[in-house]
Amino acid sequence: MKRAILFPAAISLTLVPITLASAVPYGSPSSTNQRASASLNGSEGEKVSFGKGCFGRTDIPHESHHVPLTVNVEAITECQNQEVYVTTTISRHGWWIFPDTKSVSAKGFQKVSVNVALPCKWRKGQPPVLYVAKSTHRDSVGEYAPTGRVAEIRC
């Protein structure tokens, strides 16, 4: 009987420091988040060149102007006279190590764009919420380029 109780209790106690150490309160990005997002800052509409005559762009996450209480991001891939692909992911970072994430992929000829959104989780009186958008742009011969942007949003 004691063994049946002690084993689950021991497992629980060993996991508590792991989950508490990795918890990050809203508005206080961890140093890992800060390092990861440092390379994603930039102005809306910056293009990255890849392949022959190909460009990719990920815009800054922002409050949606069409769907209330959502945060969205748009990504565009352009290549002349070939098929193009884009995959975009938006993530909302919060308390735990697992962010809320949503991805969208699309393909098209010469130009393709995607729009991906998450519900806004910010509440009045709280610090802004960190949203991270990352995209992979690819052409038909396999050349690719990653792009991304971050924003702290109150919506």
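No lab work stands behind these numbers, since they all come straight from the coordinates. The shown structure was predicted, so the numbers you read here are calculated from the model rather than taken from an experiment. Here Cβ is always computed from backbone atoms with ideal geometry, including for glycine, and neighbour counts include all displayed protein chains.
Return the lysines within reach of K124: Cα separation strictly under 16 angstrom, same-chain partners fewer than 8 residues apart disregarded; answer none if there are no such residues.
By straight Cα distance, K124 reaches no lysines at all.
Identify the residues of the stretch 60-98 with backbone N under 14 Å of a label point that sits 7 angstrom from the Cα of E46 along the Cα-to-Cβ direction, or state none.
Within reach of a label on E46, which here means backbone N under 14 Å from a point 7 Å along Cα→Cβ, the stretch 60-98 contributes 60-61.
Which distance in nm do the two modelled labels at T70 and K107 give, with both placed 7 Å along the Cα-to-Cβ direction?
Modelled inter-label distance: 2.5 nm.
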